[in-house]
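Right, one structure below, let's go through it.
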Amino acid sequence: MQAWNNILKKIIKTASGRIRLILAIMGLSVALLLILSAVQLQANYHDLLHSKSNQDSIANFLVVNKQLTNANYGNTTLSATAIDDLKKQPFVDAVGILTPSRFKASIESFSSQFPFYTDISFESVPAAFIDVDSTQWQWQPGNDIVPMIAPNLFLDFYNFQFSLSQNLPQLTQEIVKMIIFKVNIQTPNGVVSLKGKVVGFSDRITSLLVPESFMQWANNNYGTLNNAQPSRVVIRTKDPGNPALVQYLKDHQLTTDADKTRFSKYRQIVNVVVQISGVTGGILLLFALLIFSLFIQLTIASCKEEIQLLVTLGAAPKQLRKFLMHRFFPPNVLIIIGTLIIVAIIQYLVALRLQKLYMFINPMLSIYTFATALLFLLILWVVNYTTIQRYIQKENL
Amino acid sequence: MQLQIQQVVPIPLKPNLLNRQSDIWLKGITFLPGTRVKIKAASGTGKTTFIHFLYHLRNDYEGNIFWGDTDIQNFTPAQLAQHRQQKISIVFQDLRLFPNLTARENIELKRVMQQPLYPESTIKEMAEQLGITKILHQRAGICSYGEQQRIAIIRALMQPFEWLLMDEPFSHLDQENTRKAAALITEECNKRNAGFILTDLDDDHYFTYHQNLVL
């Protein structure tokens, strides 16, 4: 077998085609490098957007309401079908209905040293949408104190604006949590007073939240307004920058915190860039495969007479194919391994660099990159095999 | 394996051959295994063409040629190769050596193309017998035609066969070398119980022929 291969090697020498071989290998390498980089780029991009370490917990909750325009003035409630439709969207993980209070209320302080009074309204939301972890966040009829969650925004507004203008002391979160407020609810039969207490602060929903159980009880007992439909919902999403989400909100004339979704525009641009790099890589790869297949054909054509004589003398197509595959396929394996190593090095360096910018990607190659490399190994094998097969058949009578 | 030809006539030569007497063209002939056949033919009567038909190098003919029971037109490339490795060997008139391989490599190629019949040392023994030991390491392309002819003969004898086709195999050999080559061929055919078909321009007495035909 060895002797046979050695003689064949001497017959089908590629000395004259060496430059062609080098060019074909270079073309294929560049194309593979591009396509593997494109795949890895997609994986990194996915990593950056969806991995836990890069996520911002606030940004994943969006409070959505209708855009208030002259056309829908006074009618900004969300219908049950609209909410159901929202729930069905792939980019929405969960929808929580924000229930507004249907009674007039105010809070005031018990202390005369620190007089405080304001009209207020409450909202409630299912517990799953709340990011304050407190054992006090529960209420049953008969309970003395109503727990509340206040937006950080309120406290900031008080500390850095209101207190200064009114010559009032600034309050820390801890101090506020210790204050017991008086909560007055206006009922047809007069004012009902309860006690209230802030148990936590949140950035997620910018309204004063009370437990759902309290809201239900209070609305049932003291609600004077009609059983209104909700006009705001909170949605949980994996990716508030998702262009599909932004488009959906726009199409349905809904609005949300623009800051959180602003990223979607950049996302779209990056998406296009990444796609273009993928398409370019794909086209280049096609050309590289063409070059390689032409190279094989040319090499075989350049020793056409020798192959013809070998066939004449009785060399079997299988023998020739085996030899030619042996000669032309191994460079492909080396090219793939080589490009994988290069992409791996680049990936590692990029990961290190991004780490300094607090962006975290996997320093190792993604499984998709490996899978793509394997896939192309298979494609190259098929191209090699079919080219050789076609040529050998041509040489046979 | 017997060889059989039925009403074969080369298409390009058909008009010329129709008015000529021939033992082969447009006849039905069966060559039984082990038969030694001499085909005498004048120049231009299609001697090489006939050998090429018989070896299935060309198929521009009418009629049928059978190797065993199979019409050679029906062989797949793999079957054809299998027969050329195991059952039918050939010495071409134009020799068809690889000019860039050495004499030894040209012979070795046919030895190792299939499961070797002979050890490598046989190449040397045969080369000695035919007096070409000295040129075994030379490129075949720079050997004299007579030397190349002997290389081609040894190459044909390296493989197993039931039939050996020879197209003017001694055209460039002197009488002494022809005698040696014929002796070697006879010996190898005897070992295999193989037959041969030899074409030449004139009568000769190199072998004891079972059949003498005129093309």
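Since every read-out is calculated from the coordinates, none of them should be taken as a lab result. This structure is a prediction, so every number in the text was calculated from the model and none was measured. Neighbour counts run over all protein chains shown; Cβ positions are idealised from the backbone, glycine included.
Some observations on this one:
- Relative intensity, log₁₀ I(q)/I(0), of segment A:58-260 from a Debye sum that treats every alpha carbon as a point, q = 0.14 Å⁻¹: -0.92
- Relative contact order (%) - criterion: Cα under 8 Å, at least six apart; region: chain A: 27 percent
- Rel. contact order, % - alpha carbon contacts under 8 angstrom, at least six apart, segment A:58-260: 39 percent
- Taking Lys and Arg as +1 and Asp and Glu as -1, the other residues whose beta-carbon sits under 13 Å from that of B:Ala152 total 0.
- Site pair A:Phe154 and A:Met359 shows an inter-label distance of 3.8 nm when each label is modelled 7 Å from Cα along Cα→Cβ.
- Remark: segment A:90-105, residue by residue, has Karplus-estimated 3J(HN,Hα) of x, 8, 9, 7, 7, 10, x, 8, 8, 9, x, 6, 10, 9, 7, 9 Hz, where x stands for each Gly or Pro and the curve is 6.51 cos²θ - 1.76 cosθ + 1.60 at θ = phi - 60°.
- Sequence-distant residues sharing a close amide H with A:Phe122 (under 5 Å, placed H): A:Ser101
- Charge context of A:Thr118, other residues only, Cβ under 15 angstrom, K/R +1, D/E -1: 0
- At an R0 of 22 angstrom, the distance between the Cβ atoms of A:Met325 and A:Leu294 translates into a FRET efficiency of 0.80.
- Averaging the Cα positions of each part gives two centres, and for segment B:54-92 and segment A:314-353 these lie 39 Å apart.
- For chain B, the orientation-averaged shadow of the C-alpha convex hull comes to 11.3 nm² (one quarter of the hull surface).
- Placing unit charges on the Cβ atoms of the charged side chains and taking the dipole of the protein assembly as shown about its Cα centre, the candidate lying farthest along the positive direction among A:Ala218, A:Leu8, A:Val279 is A:Leu8.
- Sequence ranges A:139-151, A:164-176, ranked by mean other-Cβ count within 10 angstrom, highest first: A:139-151, A:164-176
- For B:Leu173, distant residues with modelled amide H under 5 Å away: none
- Note on A:4-12: average number of Cβ atoms from other chains within 10 Å of each residue's Cβ is 4.
- Charging the Cβ of each Asp and Glu at -1 and of each Lys and Arg at +1, and nothing else, the dipole of chain A about its Cα centre rounds to 2100 debye.
- Stretch in chain A that is longest and holds no trypsin sites (Lys or Arg not before Pro) that DSSP places in a loop and that have at most 16 other beta carbons within 10 Å: A:263-397
- Under the convention that each Lys and Arg Cβ holds +1 and each Asp and Glu Cβ holds -1, the size of the dipole of segment A:58-260 around its Cα centre is about 300 debye.
- D by Stokes-Einstein for chain A, Kirkwood Rh over Cα pairs, 10 °C, 1.306 mPa s: 58 µm²/s.
- Karplus-derived 3J(HN,Hα), 6.51/-1.76/1.60, for each residue of segment A:141-147, Hz, glycine and proline x: x, x, 5, 6, 10, 8, x
- The phi torsions of segment A:19-26, fed into the Karplus equation with coefficients 6.51, -1.76 and 1.60 and a -60° offset, translate into couplings of 5, 4, 4, 4, 5, 5, 5, 5 Hz, rounded to whole numbers, with Gly and Pro shown as x.
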